[in-house]
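The values are calculated or read from the model by the stated rules, or taken from the named source; none is laboratory data. The shown structure was predicted, so the numbers you read here are calculated from the model rather than taken from an experiment. Note that each Cβ is placed from the backbone with ideal geometry, even for glycine, and that neighbours are counted across all protein chains shown.
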Amino acid sequence: PNRNRAETVLVIGLGRFGTAVASSLIRMGHEVLGVDEDLSRVQETADRLTHVLQADCTSPEALRQIGIADFKTAVIAIGGDIEASILTALAVIEAGVQTIWAKATNERHGKILKSIGVQNVIYPEARMGQMVAHILTGKMMDFVELDNDFAMVKTRTPGELVGLTLEQAQVRQRHGVTIVGVKRPNEIFTYAQATTTLAEGDLLIILGEVERVERFAAQT
Ligand code: ADP
């Protein structure tokens, strides 16, 4: 098929992370070319991903052969082999790919990727660890750091706010967080409004600085 490569995302490294990214992209309707140097990985994922190839992506020549010049977006999902990750990133940058996402195993790995020009460095393990740490205390059911020090959290309604409307509760002024959504037991989340009354057992989606959402959730 004559696919439009500009719309196809190149995913390099078909380990757990790369495969998850590729599968999600496909589910969302995107075309994906998955590449791994390990033939068994390529064969294992061939039935789930639309297009897969075997290649060592540290090699500029191998990248040229898979048509790197036509890709606008690449995801470098090599974690274990830091040298391979960095050499691949360099080759992908030199090939002129505009948007590059790369997974980093640790902070120094991430620093190197940034310094050679990868705009989007992600730390899946660190992120997941941080999320689990917040959730296992039992005060939060979900924790997503949206930006440096800014998070969205799912938590319960603090006892002192039960029976108040959001207008009366003055959560933003008093706690420095914003309630975005409220969920009654057995109902779906609705957008928070000034007239919404908080009841015991309500779940809340709140936004705010990490320290403030932590303090808010600790009262529940
Ligand atoms: P995860 O933790 O997400 O499973 P890994 O680091 O274990 O990530 O997997 C990385 C994948 O990248 C492996 O399947 C490996 O074969 C592949 N890989 C490593 N080096 C290269 C390379 N130079 N070119 C292409 N794929 C590579």
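For the stretch 44-58, state whether one or more residues are out of contact with any strand residue (DSSP E or B) (no Cβ under 6 Å at 6 or more places or on another chain), touching a residue at least 40 places away in the same chain (Cβ under 8 Å) and either part of a loop (DSSP other than H, G, I, E, B) or not assigned by TED's automatic domain parsing to the domain that holds Leu14 (or both). No: the stretch 44-58 contains no residue that is out of contact with any strand residue (DSSP E or B) (no Cβ under 6 Å at 6 or more places or on another chain), touching a residue at least 40 places away in the same chain (Cβ under 8 Å) and either part of a loop (DSSP other than H, G, I, E, B) or not assigned by TED's automatic domain parsing to the domain that holds Leu14 (or both). Every condition in (1) within 13 Å of the ligand (Cβ to nearest atom); (2) out of contact with any His (no Cβ under 6 Å at 6 or more places or on another chain) is met by Leu25 except one, and the failing one is (1).
One residue stands out in the stretch 72-90 among those that are part of a helix (DSSP H, G or I) and not polar (S, T, N, Q): the one that is nearest to the ligand (Cβ to nearest atom), namely Ala84.
Taking each residue of the stretch 200-211 that is assigned by TED's automatic domain parsing to the domain that holds Thr165 and at pLDDT below 95 and looking for partners that are surrounded by 18 or more Cβ atoms within 10 Å (Cβ to Cβ) and not in a strand (DSSP E or B) with beta-carbon atoms closer than 7 Å, six or more apart or interchain, yields Glu200/Thr157.
Of the residues in the stretch 61-117, how many are small (Gly, Ala, Ser) and under 16 Å from Gly13 (Cα atoms)? Working first, answer last.
Residues of the stretch 61-117 small (Gly, Ala, Ser): 62, 67, 69, 74, 77, 79-80, 84-85, 89, 91, 95-96, 102, 104, 110, 115, 117.
Retained after the next criterion (residues that are under 16 Å from Gly13 (Cα atoms)): 62, 74, 77, 79-80, 84-85, 89, 91, 102, 104.
Summing the residues that are small (Gly, Ala, Ser) and under 16 Å from Gly13 (Cα atoms) in the stretch 61-117 gives 11.
Checking Leu161, Leu146 one by one, the residue that is at pLDDT below 95 and aliphatic (A, V, I, L, M) is Leu146 and no other. Taking the stated definitions as given, is Asp70 among the charged types (D, E, K, R) and either within 28 Å of Ala126 (Cβ to Cβ) or touching a helix residue (DSSP H, G or I) at 6+ places or on another chain (Cβ under 7 Å) (or both)? Judged against the criteria, Asp70 is a match. Right, Ile93: assigned to a helix (DSSP H, G or I), modelled with pLDDT of 95 or more and under 20 Å from His109 (Cα atoms) or not? When the stated conditions are applied, Ile93 passes them.
In this structure, does Gly13 turn out to be surrounded by fewer than 22 Cβ atoms within 10 Å (Cβ to Cβ) and within 9 Å of the ligand (Cβ to nearest atom)? Spelling it out, it is not the case that Gly13 is surrounded by fewer than 22 Cβ atoms within 10 Å (Cβ to Cβ) and within 9 Å of the ligand (Cβ to nearest atom).
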